[in-house]
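Engineer: Here it is, the structure, as structure tokens.
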Amino acid sequence: FRELIEILAISRNQKLPQPGEESQILELLIQRDGEFQELMKLAVDQGKIHHEMQLLEKVVEKRDNDIQLLQKQLKEAEHILATAVYQAKEKLKSIEKARKG
């Protein structure tokens with residue numbers, strides 16, 4: 001737009017404008033405006049995509065935290081079960097000794 005306005009200003013400061021020159025400049029302005037509108041639409045679309053990505057990243061982070069919590073709980077359960085199995089084996093050994101004795 002700046003270039004087109006400068007061209008228009010220069011052409012007005014010079015001689016009389018050439019026939020059709022102003023219409024060419026107007027067509028260029030309209031074309032540039034169309035390009036600008038397309039870029040603005042693209043920017044809005046990209047902004048929406050960026051927002052969606054941020055929301056998805058938050059969901060992923062929450063799921064990661066949930067998974068970490070579940071892993072911790074599974075390790076605790078494994079430890080409890082391992083202790084219970086060990087104690088059961090020891091109890092069985094003592095029962096066998098009592099029977100033999």
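Engineer: As a test of the formula, what do you get for the chain when each DSSP H run with n ≥ 4 contributes -39,500 (n - 2.57) and the sum is divided by the residue count, at 222 nm and rounded to the nearest 500 deg cm²/dmol? Mind showing how you got there, number by number?
Structural biologist: On the way: 2 runs with 92 residues, N = 101.
Rounded to the nearest 500, the figure is -34000 deg cm²/dmol.
Engineer: Here is a further query. So for the pair ALA43, ILE80, with labels modelled 7 Å out along Cα→Cβ, what separation do we get in nm?
Structural biologist: It works out to 5.7 nm between the two label points.
Engineer: Another question, if that's okay. Kirkwood hydrodynamic radius for the stretch 47-98: how many Å is it when counted over pairs of different Cα atoms?
Structural biologist: Details: mean 1/r = 0.0690 Å⁻¹.
By the Kirkwood definition, the hydrodynamic radius is 14.5 Å.
Engineer: In degrees between 0 and 90, to the nearest 10, how far off the longest principal axis of the chain does helix 21-100 point, with axes built from Cα atoms?
Structural biologist: 0
Read-outs: derived from the displayed coordinates by stated rules, not from any lab. Since the model is a prediction, treat every value here as computed from it, not as a measurement. Every residue, glycine as well, gets a Cβ built from its backbone with ideal geometry; the counts of neighbours run over all protein chains shown.
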